[in-house]
Amino acid sequence: MAAELLRRGLSDHRRALAAWCVGIAAYVALVAAIFPSIESSPDFNKLVESYPDVLKSLFGIAAGGDVTSGAGYLDVELFSLMLPLLVLVLAIGSGARTLAGEEDAGRLELVLSYPLRRRDAVLAKGAAVAAEIVTVCVVVGIAIALLDPLVGLDLALGRLAEALGALAALGLVYGWLALAVGAAWPSRAPAIGVPAAAAAGAYLVSGLHELAGWLDPFRFLSPFWLVGSSPLQSGADARGVLVVVVAAVIVLLAGALLVERRDLETP
Amino acid sequence: MLEPAAIDTVGLSKTYGGKVHALVGLDLRVERGEVFGYLGPNGAGKSTTIRLLLGLIHPTAGRASVFGLDTRTNGVRARGHLGYLPGDLRLSDRLTGREQLESLASLRGSVDRALRDELCARLGVVLERPIRQLSRGNRQKIGLVQAFMHRPELVVLDEPTAGLDPLLQNEVRALLRETAAEGRTIFLSSHSLDEVQHVADRVGIIRAGRLVDVDAVESLRERALRHVTITFAEPADPSQFAGLDGVRVVSTDGAVLRLSAPEPAMDGVVKAAARYRIVDLVSQPADLEEIFLELYREGDDGG
């Protein structure tokens, strides 16, 4: 019965999700199309080498990494910032909309007057958010795998799968955080603001902890640091990805418990 | 062992932020098979009561049960017996009426499809158009169908005929009466006595979060004042009316006489007026706020 909420959630967002997939695939194609010209300019590595350390560490340009290789190029151009950013915007938007947004619009009242437990509603909606994130990551994977032979990225498909897994884990933890915040507080604004601020903070900690020593102890709290910053070159940190997924599950379960305690808000 | 009532609340209270007393110590018992009208002006606590019964909000104090099932600890089973039409119905705008009802049926788990189709036909539900294109009344019909389509033991309706034309209002009243005749229970909230008086057996009146009075609908109607405006062919003597029991002359304006009278006094009013030549006679039910004032006045007299 709560499964209907999963179906409904996916169906309600299917147009937006399709648009996201097309947009991200187009962006990936654009980035890939530029690769041949980067590959043929050996000076590019020198240029990148001369970047300030702050920029290098924010964009995940590892010491000894080669940005003119397919893996290094995509790590810097896609996996260090743009893809996590795009997936997080989708995940947080979806997590905030599916519960807090529905409540703000007054549509939760009728649904929760039906004989289903609120926590099951939260879990079903969480499943819908997860399905959207996985869909986008799969589309990105297919796009990159198809472009690989065309522009000569020369990627290891295993590494690509790891990178996408790490990407999905990041989407999951912030998407479910948005859902859980909406479950705990009846408003859409914190459901977007809290995970967005948490993600921005975690991203900075991950990028800058080596340069700013006082941030270093906090790196364990950053999902970005946990999953690893250059997945195509050095692989994702499998244990880190697992930790992030477990954290995401805990956040979702907390939301499912907190939603039972509070009053449903009238718009 | 007494069979549990359809609705039973004991000291049910809801306070917001420690100071806004939306509902104060509600003790209410609605028996099975009863049509109970729940009357009060906007903001009196009607919707708060209903949302407590549905477990959408939690009581600050007291408890509520539906067929003996506590709404807090046994809410899912309690809601299984319920059909609910919210006062401020919000549906999924992009869906068609059919998709919305189908989705709600899946959410419910078990729905009597034949009954649903019959209800749709009876109320003339627009099924094939997106809900965002529908008028308030047409959305309301979808809300009514979903409240009845699983043949619930208790139907809770918050202002059910809002936005419906008079013909459909009658159809809904007929539906309510049939439901009650099958031994099922109806809890009908409204701010208008007119909406409940033709179907309800008993009426509870709530004001500022407190249940002021519970009474059979007939006795409430008897006490409810009518505004009577009589236009005579020539000026009439108002003292002829002022002497009648419960009648108050509000104003005389030439040949136009305005007075207020409870239902039992209407016969005397008309007979007194009949001694003169009458051009026009209009009698309107007083609105709820005036009934409240009347109730309070009685309370003051007694206290």
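Laid out as a table, the results:
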| item | result |
| --- | --- |
| Output for segment B:170-187, where each listed residue is touching a residue at least 24 places away in the same chain (Cβ under 8 Å) and either touching a strand residue (DSSP E or B) at 6+ places or on another chain (Cβ under 8 Å) or of a type in the set (A, V, I, L, M, F, W, C) (or both) | B:V172, B:L175, B:L176, B:R177, B:T179, B:A180, B:R184, B:T185, B:I186, B:F187 |
| Among (1) away from chain A (no Cβ under 11 Å); (2) open to solvent by 30 Å² or more (accessible area, probe 1.4 Å); (3) not acidic (D, E), the one test that B:G45 misses | (2) |
| Residue list for segment A:124-138, filter: buried (at least 19 other Cβ atoms within 10 Å of the Cβ) and either charged (D, E, K, R) or farther than 27 Å from B:R139 by Cβ (or both) | A:K125, A:G126, A:V129, A:A130, A:E132, A:I133, A:V136, A:C137 |
| Residue identified as at pLDDT 90 or above and aliphatic (A, V, I, L, M) among B:L220, B:L188, B:L244 | B:L188 |
| Within segment A:146-157, considering residues that are in a helix (DSSP H, G or I) and touching a residue at least 40 places away in the same chain (Cβ under 8 Å), the one surrounded by the fewest Cβ atoms within 10 Å (Cβ to Cβ) | A:L150 |
| Which listed residue, of A:F224, A:F220, is over 23 Å from A:G23 (Cα atoms), of a type in the set (F, W, Y) and surrounded by fewer than 16 Cβ atoms within 10 Å (Cβ to Cβ) | A:F220 |
| Search result, residues across segment A:80-113 that are within 14 Å of chain B (Cβ to nearest Cβ) and small (G, A, S) | A:G101, A:A105, A:G106, A:S113 |
| Selected residue (only one of B:A216, B:A274, B:A261 is farther than 30 Å from B:V24 by Cα, within 27 Å of the chain's Cα centre (by Cα) and without any contact (Cβ under 8 Å) to a residue 60 or more places away in the chain) | B:A261 |
| Any hit, segment A:185-201, residues being open to solvent by less than 40 Å² (accessible area, probe 1.4 Å) and β-branched (V, I, T) | no |
| Candidate set: segment A:227-242, residues that are part of a helix (DSSP H, G or I) and within 15 Å of the chain's Cα centre (by Cα); chosen: the one surrounded by the fewest Cβ atoms within 10 Å (Cβ to Cβ) | A:L242 |
| Inter-residue pairs, beta-carbon under 8 Å, first farther than 15 Å from A:L99 by Cα and in segment A:1-16, second part of a loop (DSSP other than H, G, I, E, B), 6+ apart | A:M1/A:Y114; A:M1/A:P115; A:M1/A:L116; A:M1/B:G109 |
| Per-region count, segment A:123-141, residues touching a residue at least 60 places away in the same chain (Cβ under 8 Å) and over 26 Å from B:F148 (Cα atoms) | 12 |
| Filtered residues of segment B:195-206 (kept if assigned to a strand (DSSP E or B) and either surrounded by fewer than 20 Cβ atoms within 10 Å (Cβ to Cβ) or among the aromatic types (F, W, Y) (or both)) | B:R202 |
| Matching strands (runs of 3 or more DSSP E) fully within segment B:51-167 where at least 2 residues are open to solvent by less than 20 Å² (accessible area, probe 1.4 Å) and within 9 Å of chain A (Cβ to nearest Cβ) | B:82-85 |
| Qualifying position, being in contact with a Cys (Cβ under 7 Å, 6 or more places away or on another chain), in a helix (DSSP H, G or I) and touching a residue at least 60 places away in the same chain (Cβ under 8 Å), among A:L179, A:L167 | A:L167 |
| Residue match in segment B:21-38 (condition: assigned to a loop (DSSP other than H, G, I, E, B), of a type outside the set (F, W, Y) and buried (at least 23 other Cβ atoms within 10 Å of the Cβ)) | no |
| Index of the failed condition, A:E260 passing every other in (1) away from every other protein chain (no Cβ under 14 Å); (2) closer than 29 Å to A:D120 by Cα; (3) in contact with a helix residue (DSSP H, G or I) (Cβ under 6 Å, 6 or more places away or on another chain) | (1) |
| Unique residue being within 30 Å of B:G11 (Cβ to Cβ) and open to solvent by 30 Å² or more (accessible area, probe 1.4 Å) when the list is B:S192, B:S251, B:S283 | B:S192 |
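Matching residues to (1) under 24 Å from the mean Cα position of the chain (by Cα); (2) more than 28 Å from B:P4 (Cα to Cα):
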{"residue": "B:I50", "(1), (2)": "yes, no"}
{"residue": "B:L82", "(1), (2)": "yes, no"}
{"residue": "B:C120", "(1), (2)": "yes, yes"}
{"residue": "B:V126", "(1), (2)": "no, yes"}
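The values are calculated or read from the model by the stated rules, or taken from the named source; none is laboratory data. In this text the structure is predicted, and so the values were computed from the model without any measurement. Because the Cβ atoms are built from the backbone with ideal geometry, glycine has one as well, and the counts that use them run over all protein chains shown. We work out accessible area using only protein heavy atoms, side chains counted, and drop any ligands, DNA or RNA first. Shrake-Rupley method; radii C 1.70, N 1.55, O 1.52, S 1.80 Å.
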